[in-house]
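The values are calculated or read from the model by the stated rules, or taken from the named source; none is laboratory data. What you are looking at is a predicted structure, and each value in this text was computed from that prediction instead of being measured. We work out accessible area using only protein heavy atoms, side chains counted, and drop any ligands, DNA or RNA first. Shrake-Rupley method; radii C 1.70, N 1.55, O 1.52, S 1.80 Å.
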Amino acid sequence: VVSALHDTIVSQGILDPLRLIDGGGQMLSQDDEIIGASRGGRHMINLGHGITEHTPQQNVSDSVNYIRHKG
């Protein structure tokens, strides 16, 4: 059923904004979980509650680049 839906819908998964603040392996691990769950279909990754003022810009860049190259 899921594979049939992937032809017609875009699923959405949420990255924990706190992992984006922390960065590193925990952030990339969650990126991997979201990418893995959406294999074979279209998927939009977003933040659960947006970017906080304490989020390092480098972590945002790292996550976006990782997702673009891995997904």
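Across all Cα pairs in the chain, the calculated P(r) in 5 Å bins from zero up to the longest distance comes to 3, 17, 28, 23, 14, 9, 5, 1, 0 percent per bin.
To the nearest ten degrees, helix 24-37 and the longest principal axis of the Cα atoms of the chain are 10 degrees apart.
In the complete set of protein chains, residue-level accessible area for Ile21 is approximately 50 Å², probe 1.4 angstrom. For the chain, adding -39500 (n - 2.57) for each run of n ≥ 4 DSSP H residues and dividing by the number of residues yields -15500 deg cm²/dmol at 222 nm.
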